[in-house]
1. Does Y125 satisfy the condition of being in contact (Cβ under 8 Å) with a residue 24 or more places away in the chain, surrounded by 14 or more Cβ atoms within 10 Å (Cβ to Cβ) and outside any loop (DSSP other than H, G, I, E, B)?
2. Would you please list the contacts, defined by Cβ atoms under 7 Å and residues six or more apart or on different chains, that run from a residue in segment 44-72 that is touching a residue at least 60 places away in the same chain (Cβ under 8 Å) and surrounded by 14 or more Cβ atoms within 10 Å (Cβ to Cβ) to a residue that is of a type in the set (S, T, Y) and assigned to a strand (DSSP E or B)?
3. Which one is nearest to D57 (Cα to Cα), of the residues in segment 81-97 that are touching a residue at least 40 places away in the same chain (Cβ under 8 Å) and assigned to a helix (DSSP H, G or I)?
4. Against the definition (exposed (fewer than 14 other Cβ atoms within 10 Å of the Cβ) and out of contact with any Gly (no Cβ under 7 Å at 6 or more places or on another chain)), how does G81 come out, yes or no?
5. Which residues, taken from segment 31-43, are assigned to a strand (DSSP E or B) and among the aliphatic types (A, V, I, L, M)?
6. Give the residues of segment 69-89 that are within 23 Å of E5 (Cα to Cα) and of a type outside the set (A, V, I, L, M, F, W, C), sorted by residue number.
7. When the residues of segment 75-97 are filtered to those that are of a type in the set (D, E) and under 15 Å from the mean Cα position of the chain (by Cα), which remaining residue is modelled with the lowest pLDDT?
8. Tell me, please, whether a residue that is outside any strand (DSSP E or B) and either touching a strand residue (DSSP E or B) at 6+ places or on another chain (Cβ under 6 Å) or touching a residue at least 60 places away in the same chain (Cβ under 8 Å) (or both) can be found in segment 110-121.
Amino acid sequence: MTQQEISSLLQSIDVCMMTTISCNGDINSRPMLQNKEAEYNGYLYFFSLEDTRKVRDLNDIPTISLTYQDKENTIFLQIHGEADIANSPIEMAPHWDKKLDTWWHNREDTPGMCMIRVKVSWIRYWHQGKDVIIEQ
């Protein structure tokens, strides 16, 4: 699967499950909105308020797993990477998804807003009997 194929697939999926690990070893998953307009370039971007469990988890242990399902084509993706947290509105603005305006009217200027930037380490996908891992 090429980077362009990965990008196209990610753009077709609205929501993924983001899994983090807490400092006491608990595994925590939650749905996150996928920015469908962004081109995949080895990084993925998500938005959150800073005072959340996911951000605390990632500040302690930056390892992250993202799981996607394209129901129409029966394709499943697991993306593994390392996350960091950006607080600068200047860094966040180019990655903002206008669908997020529903929750945060001040966009990247919302008090306490942060961006979770995921540097992808590897991608595993399942489709039509194939189980493939792609190192990034």
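1. Numbers: in contact (Cβ under 8 Å) with a residue 24 or more places away in the chain: yes; surrounded by 14 or more Cβ atoms within 10 Å (Cβ to Cβ): yes; outside any loop (DSSP other than H, G, I, E, B): yes.
Yes; evaluated as a whole, the condition is true for this residue.
2. Cβ pairs passing all conditions: K54/T20; K54/S48; V55/S48.
3. For segment 81-97, the residue satisfying everything is M92.
4. Values: exposed (fewer than 14 other Cβ atoms within 10 Å of the Cβ): no; out of contact with any Gly (no Cβ under 7 Å at 6 or more places or on another chain): yes.
For G81, the condition - exposed (fewer than 14 other Cβ atoms within 10 Å of the Cβ) and out of contact with any Gly (no Cβ under 7 Å at 6 or more places or on another chain) - is not met.
5. Within segment 31-43, the first condition is being assigned to a strand (DSSP E or B), and the residues that meet it are 31-33, 43.
Those that are assigned to a strand (DSSP E or B) and among the aliphatic types (A, V, I, L, M): M32, L33.
6. Residues satisfying the conditions are Q69, D70, K71, E72, N73, T74, Q78, H80, G81, E82.
7. Residues of segment 75-97 that are of a type in the set (D, E), as a first pass: 82, 84, 91, 97.
Okay, now just the ones that are also under 15 Å from the mean Cα position of the chain (by Cα), so 82, 84, 97.
On the way: E82: 98, D84: 97, D97: 83.
Ranking the qualifying residues of segment 75-97, first place goes to D97.
8. yes
The values are calculated or read from the model by the stated rules, or taken from the named source; none is laboratory data. The model shown is predicted, which means the values in this text are computed figures rather than measured ones. All Cβ positions, even for glycine, are placed from backbone atoms using ideal geometry, and neighbour counts span all protein chains on display.
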